[in-house]
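Peer 1: Below you'll find the structure I mean.
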Amino acid sequence: MIEISGLSVSYSGKRILKDIDLIVEKGERLAIIGESGAGKTTLALSLLGLCKGKIEGKIKIDGIEITSLDERSLKELRWRKISIGFQNLDALNPALRIGEQIAEIIVEKGNKNFKEAYLEVINLISLLGLGESYLDRFPSQLSGGERRKVIIAMALANSPDIVVLDEPTSSLDTDSRYEIEETLKYVLQGKTVIINTHDLKLAYELSDKVAVLYGGRVLEYGRTREIIENPRHPYTRGLLRSSPSVNRGKDLQGIPGSFEYRERGCPFSNRCVQKTDLCEIEVPKPLRVGDRMIACHKGGIEKVLEVRNLSKSFSGRKILRDINFSLYSGESITILGKTGSGKSTIARCIMGLVEPDSGEVFLFGKKVTERDMSFYRNIQMVFQDPFESINPRFNVYDIVSEPLQIQKIGSKNSYINVVKTALKSVQLPDDEEFLGLYPYQLSGGELQRIAIARAIVVRPKILIADEVTAFLDVSIQAKIMRLLLDLQENLGLSVIFILHNVELAKKVSDRILILNDGILEEYKELEIGGGIYEYEGTLGRIC
């Protein structure tokens with residue numbers, strides 16, 4: 001059993017790990033995931049007393065407080081009680097043959113002579129899929145995958161109770177990663193394991209629990225299946241969106257911005273789509289949400305919009321029947337259905353352009369009773385036909401600046417810079433000539449981009465895109481949808497797409513909702529290929 005409490009590690013006065021609290025039960029497997037620089041390797045080295053930084057807090061292994069042990073006592077624990085498979089493939093001694101390196105560990109820690117140790121090495125190396133001939137080779141004569149197996153063999157040489165593996169599949173090709181993964185499933189049975197990894201599929205396959213590490217702090221912790229299927233922290237969701245091994249539907253998206261070292265506030269605040277002023281100054285306390293821990297001032301990914309029991313009829317015909325759904329911060333969902341199914345009616349009811357027969361809309365947890373300026377400051381809509389939704393008598397500047405003028409945001413002198421910024425964000429020119437053009441002088445694709453610029457110029461939190469590529473050719477469609485995904489990523493927008501093309505919906509959606517006979521249901525798909533993947537939404541569920 002491993003107990004970590006209040007663990008901080010500093011180098012030259014800079015804290016790399018900050019107040020880590022984790023418990024790994026006997027026989028449990030914990031995956032620690034996060035970007036490079038999160039502190040994963042520092043944590044791994046600390047568990048074996050190999051970290052050279054200043055350590056505060058406690059680490060107990062089977063009740064033994066290792067942070068207070070001297071080097072001699074630590075050596076007694078290493079390789080026998082707890083071992084490590086290092087990330088660096090150059091950790092192997094280039095001057096020793098493979099068999100000698102592994103046997104050396106057994107001789108030193110296992111009280112056996114070299115001959116006895118060598119026989120154990122032969123058995124061990126065969127478990128890892130390498131033949132006896134490999135033992136006479138030098139590290140330089142092995143491939144990356146073969147060296148990785150040797151490093152794992154060294155970690156297992158004395159049958160330790162606890163194994164720490166630091167990026168066991170990094171820098172390997174797909175086949176080698178799969179082979180290592182299958183090998184680890186077998187050789188790690190019954191052991192307590194900590195795995196540092198960028199490979200989220202490896203974490204899913206090998207671990208019972210996951211700790212999400214960022215900026216030296218644990219931001220989310222819980223059972224692996226629950227976290228990968230349903231991430232609750234914005235950073236965890238960002239990791240999943242960036243990973244091709246688990247994100248099999250929606251196009252890959254990165255996390256905007258880059259890591260900034262900070263002692264105050266949430267370490268992720270400069271990149272978070274839902275940050276508040278509090279996030280900049282106060283470290284979020286870990287909150288227990290169900291069976292998991294989340295370190296977020298908002299308790300995890302925030303619900304920004306909720307529609308409850310929305311119904312609508314036209315001429316006695318029921319179009320919408322008790323529509324219920326929610327939209328979360330930074331999320332994109334698609335409402336999918338046939339032409340005339342009522343998709344646009346849902347959007348227009350939300351925006352107050354159509355009065356529903358019944359139902360309620362909640363914005364940031366508060367019931368919407370009127371669509372005032374604050375409502376439209378938070379939510380904007382891009383309509384299907386830009387030629388119909390844009391005033392033909394307005395030039396580009398007038399079109400994009402109109403929401404600023406209506407909502408009295410800033411001064412007239414500031415409008416030009418805000419308009420130019422909005423045009424740049426949708427990849428349009430911002431020179432005086434372009435600003436003076438009228439709709440009839442623009443292509444459909446340009447006009448739709450201007451409609452998007454008009455919608456985002458007030459920096460809304462939510463965007464509804466109603467069939468925004470319906471009148472465009474395939475090439476322009478792709479550019480517009482890619483643009484919207486980039487805006488979602490860079491601005492932290494929550495987006496509702498209204499579409500009728502399921503293949504396009506998969507590319508742009510975290511979740512897909514199907515509208516059929518006025519009823520809205522979650523879309524699920526079973527796909528076979530390289531394994532069986534059951535989709536719920538499109539962030540992926542690996543079975």
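Peer 1: With labels modelled as points extended 7 Å from the Cα through the Cβ direction, what inter-label distance (nm, one decimal) is found for SER159 paired with LEU353?
Peer 2: 7.1
Peer 1: Still on this structure, I have one more. Of the listed values [x] 44; [y] 53; [z] 49, identify the label whose number matches percent of Cα pairs over 32 Å apart calculated from this model.
Peer 2: Checking each listed value against the structure points to [y].
Peer 1: Given R₀ = 25 Å, what would the calculated FRET efficiency be for THR421 paired with ARG393, taking r from the Cβ atoms and rounding to 0.05? Intermediate results must be reported in sequence, preceding the final value.
Peer 2: Working: r = 24 Å, r/R0 = 0.97.
Here the calculated transfer efficiency is 0.55.
Peer 1: So, counting K/R as plus one and D/E as minus one, what does the shell of residues with Cβ under 12 Å around PRO429 add up to? Don't skip to the end; give the middle numbers.
Peer 2: Working: positive: LYS420, LYS424, ARG449; negative: ASP430, ASP431, GLU432, GLU433, GLU446.
Net charge around PRO429: -2.
Peer 1: Count the lysine pairs in segment 48-152 whose Cα atoms lie under 28 Å apart, taking only pairs 8 or more positions apart in sequence or on different chains.
Peer 2: Value for segment 48-152: 25.
Peer 1: Here's something else I'd like to know. With labels modelled as points extended 7 Å from the Cα through the Cβ direction, what inter-label distance (nm, one decimal) is found for LYS58 paired with SER443?
Peer 2: 6.8
Peer 1: Further question: Can you order the peptides 437-447, 218-228, 399-409 by their average number of other Cβ atoms within 10 Å per residue, highest first? Can you show the working numbers first?
Peer 2: Working: 437-447: 16.1, 218-228: 22.1, 399-409: 17.6.
Top of the packing list down: 218-228, 399-409, 437-447.
Peer 1: What ranking, highest mean first, results for peptides 287-295, 252-260 when packing means the other Cβ atoms within 10 Å averaged over each residue? Walk me through the numbers before you get to the answer.
Peer 2: Values: 287-295: 16.7, 252-260: 13.8.
Listed from highest to lowest mean packing, they are 287-295, 252-260.
Peer 1: Write out the GluC sites (Glu not before Pro) in segment 309-398 meeting two conditions: DSSP loop, and at most 13 other Cβ atoms within 10 Å of their Cβ.
Peer 2: On the way: sites: GLU331, GLU360, GLU370, GLU388; in loops: GLU331, GLU370.
For GluC sites (Glu not before Pro) across segment 309-398 that sit outside H, G, I, E and B with at most 13 neighbouring Cβ atoms in 10 Å, the list reads GLU370.
Peer 1: Next up: How far apart, in nanometres, would the label points at ASP208 and VAL474 be if each is projected 7 angstrom from Cα along the Cα-to-Cβ direction?
Peer 2: Going by the 7 Å Cα→Cβ label model, 5.1 nm.
Peer 1: Then there's this: Please identify the GluC sites (Glu not before Pro) of segment 271-314 that satisfy two criteria: DSSP loop assignment and at most 14 other Cβ atoms within 10 Å. Which are they? Write out the running numbers ahead of the final one.
Peer 2: Values: sites: GLU280, GLU282, GLU302, GLU306; in loops: GLU282, GLU302.
Loop-located and lightly packed - GLU282.
Peer 1: Calculate, for GLU432 and ASP385, the FRET efficiency according to 1/(1 + (r/R0)^6) with r their C-beta to C-beta distance and R0 35 Å; round to the nearest 0.05. Working shown, then result.
Peer 2: Numbers: r = 28 Å, r/R0 = 0.80.
E(calc), rounded to 0.05, equals 0.80.
Peer 1: Calculated from DSSP H runs of 4 or more alone, at -39500 (n - 2.57) each and per residue, what is the 222 nm mean residue ellipticity of the chain, nearest 500?
Peer 2: Details: 19 runs with 182 residues, N = 543.
Helix-only estimate at 222 nm: -9500 deg cm²/dmol.
Peer 1: So, counting K/R as plus one and D/E as minus one, what does the shell of residues with Cβ under 12 Å around VAL307 add up to?
Peer 2: Details: positive: LYS303, ARG308, LYS312, LYS367; negative: GLU306, ASP322, GLU360.
The answer is +1.
Since every read-out is calculated from the coordinates, none of them should be taken as a lab result. Not measured: the values here are computed from a predicted model. No Cβ is skipped: glycine too gets one built from the backbone with ideal geometry, and neighbour counts run over all protein chains shown.
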